[in-house]
Amino acid sequence: MDRSQSLRTIIYKDMLDLRWNGQVIVLLFCQVLIHFGLYNLDVQNVLPSFFAGFIATLLTMYVQGNLIVEESEQGTLKLLYQMKVHPIDIFIAKSVLTFTLSTIVFVVSAIVYGYTPISIFAGLLFISPLLLMFLCLGTILGTMSKNTIDVSLYGWPVILIYFLLEGIVSYNTDSNPGILLALPNYHMFHGLQLIEQQEVASAFAQHMYVPIGWALLIVMLTVRMIRRLFKH
């Protein structure tokens with residue numbers, strides 16, 4: 001099977017299985033509850049970085065992790081191996097579906113929050129490195145885990161650390177952020193605020209480079225980790 005055919009096959013299979021995938025349905029339902037709750041608390045005070053963070057961590061990472069580990073749980077990974085499907089192709093196919101779901105949730109939620117089309121497009125482009133980072137982290141979780149329960153358990157420390165850093169960044173009022181400049185959270189926080197204020201060019205010029213660097217670093221780590229798919 002050539003690579004393009006294997007990608008289409010995996011994507012098509014996952015799309016058909018999606019409506020029966022209880023884990024993914026629960027994750028999508030949680031997103032509805034989270035954003036409904038944030039909207040009703042006070043839409044004007046919802047920080048854009050928290051809005052994006054909930055999607056990246058509780059949807060992107062977990063959906064990707066569950067889609068990866070389910071191949072092992074259902075015994076289809078061995079079949080893919082016999083069909084000479086490369087691990088990178090599995091990662092790409094799962095990522096296409098996960099990124100599509102994340103994009104839909106982001107766009108629909110942003111429309112409900114009242115963002116302009118320009119802000120929505122710029123915001124989606126700006127958080128792409130963050131989504132890529134958590135796609136890769138989800139892939140690593142799925143590779144390391146034996147089942148979807150393990151994915152959930154292993155993912156919580158990542159979520160707690162991310163939002164702990166998010167809290168530190170959001171409450172930092174120092175004009176000299178110091179080490180915070182090295183964190184993707186800092187740049188997501190300030191970049192998305194600039195986009196919300198219609199200062200799109202400033203957001204990308206000042207705050208895009210660090211998230212891209214983190215995303216590339218984790219992509220390289222993931223490429224090494226997904227080789228373990230053949231060992232499951």
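Think of a 1.4 Å ball rolled over the protein heavy atoms: the chain then has 52 Å² of accessible area per residue.
Rounded if a/c is under 1.5, else prolate if a/b is larger than b/c, else oblate: which is the range 144-192, with a ≥ b ≥ c the root eigenvalues of its Cα gyration tensor? Display every interim value, and only then the final one.
Numbers: a/c = 3.45, a/b = 3.21, b/c = 1.07.
Note, shape of the range 144-192 comes out prolate.
Packing, as the average of other Cβ atoms within 10 Å across residues, places the peptides 209-215, 7-13 in the order 209-215, 7-13, highest first. Three semi-axes describe the equivalent ellipsoid of the range 80-223; taken as square roots of 5 times the Cα gyration tensor eigenvalues and ordered largest first, they are 29, 19, 15 Å.
When you count the other C-beta atoms within 10 angstrom of each residue and take the mean per peptide, 145-152, 28-35 line up highest first as 145-152, 28-35.
Adding -39500 (n - 2.57) for every DSSP H run of four residues or longer, then dividing by how many residues the chain holds, sets the calculated 222 nm ellipticity at -25000 deg cm²/dmol. Summary value for the chain: 27 percent relative contact order, contacts being C-alpha pairs under 8 angstrom separated by 6+ residues. In order along the range 86-99, phi translates into HN-Hα couplings of 6, x, 4, 5, 5, 4, 5, 4, 5, 5, 4, 5, 5, 5 Hz, rounded to whole numbers, per the Karplus curve 6.51 cos²θ - 1.76 cosθ + 1.60 with θ = phi - 60° and x for Gly and Pro.
To the nearest 10 degrees, how steep is helix 148-170 against the longest Cα principal axis of the chain, on a 0 to 90 scale? Helix 148-170 sits roughly 20 degrees off the main axis of the chain.
Compared with the dominant Cα axis of the chain, that is its longest principal axis, helix 117-126 is turned about 60°. Structure remark: mean-square fluctuation, Gaussian network model of the chain, C-alpha springs under 10 Å; the largest value among Met133, Met188, Met208 belongs to Met208.
Please report the carbon-and-sulfur percent of the accessible area for the chain; probe 1.4 Å, protein heavy atoms only, DNA, RNA and ligands left out.
Numbers: 8310 of 12020 Å².
Here it works out to 69 percent.
An ellipsoid equivalent to the range 167-206, defined through the eigenvalues of its Cα gyration tensor, has semi-axes of 18, 10, 9 Å when rounded to whole angstrom and sorted largest first. Taking θ as phi - 60° and the Karplus parameters 6.51, -1.76 and 1.60, the scalar couplings of the range 15-24 work out to 5, 5, 6, 4, 5, 9, 7, x, 4, 5 Hz in sequence order, x denoting glycine and proline.
The values are calculated or read from the model by the stated rules, or taken from the named source; none is laboratory data. Just so it is clear, the structure is predicted and the values come from calculations on it, not from any experiment. Every residue, glycine among them, receives a Cβ derived from its backbone with ideal geometry; neighbour counts consider all protein chains shown. Note: areas computed on protein heavy atoms with side chains; ligands, DNA, RNA excluded. Shrake-Rupley method; radii C 1.70, N 1.55, O 1.52, S 1.80 Å.
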